[in-house]
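Trainee: Below is one structure. I have some questions about it.
Quick note: the coordinates plus some simple rules give every number you see, no bench work behind them. As the structure is a computational prediction, the values presented were derived from the model and not from experiment. Neighbour counts are summed over all protein chains in view; Cβ atoms, including those assigned to glycine, are modelled from backbone coordinates with ideal geometry.
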Amino acid sequence: MRQLCEDDNRRPDGRLSCSKGMGDQRSDEAREWRGWYSLARWRKLRKHQLSIEPLCRMCRLQGRVTRATVCDHIERHNGDPEKFWGGPFQSLCKTHHDATKQAEEHRGFSTAIGADGWPIDPGHPANR
């Protein structure tokens, strides 16, 4: 059984939440660039990207039409201001950004399959 700490609270769904020791687990460097997403400059850039590419790029590749809601950095910027502000960018739906794209970044390649049945990503192990 989970031991309760002094600052346990109930979430709206009734589950217990302990705030002790939780907080932002990112590095100081990552916390700094995460703040860039709340700047007016980013909101303007995001709005522009979604206006020039209003549909999710990954959904389109799958033959689906889905409104994009996320301006995604195609290449990881890792806090580099030039890459963060300069892109390149793509428009994605939240599902593809939060699941598919994150998995690809973790894995190092895409598992998307082309019409010929082979992986389309040159970095996929089958294409090496």
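Trainee: Report the GluC sites (Glu not before Pro) located in segment 27-128 that are in a DSSP loop and have at most 15 other Cβ atoms inside 10 Å of their Cβ, or state none.
Mentor: E75
Trainee: Right, something else. I need R128, R60 ordered by Cβ neighbour count within 10 Å, fewest first.
Mentor: Final ranking by Cβ density, sparse to dense: R128, R60.
Trainee: Just to confirm a number: summing +1 for Lys and Arg and -1 for Asp and Glu over residues other than C56 whose beta-carbon lies under 13 angstrom from that of C56, what do you get?
Mentor: +3
Trainee: Here's something else I'd like to know. Give the shape of segment 36-111 as rounded, prolate or oblate, defined through the alpha-carbon gyration tensor: a ≥ b ≥ c are the square roots of its eigenvalues, a/c under 1.5 means rounded, and otherwise the shape is prolate if a/b is larger than b/c and oblate if not.
Mentor: oblate
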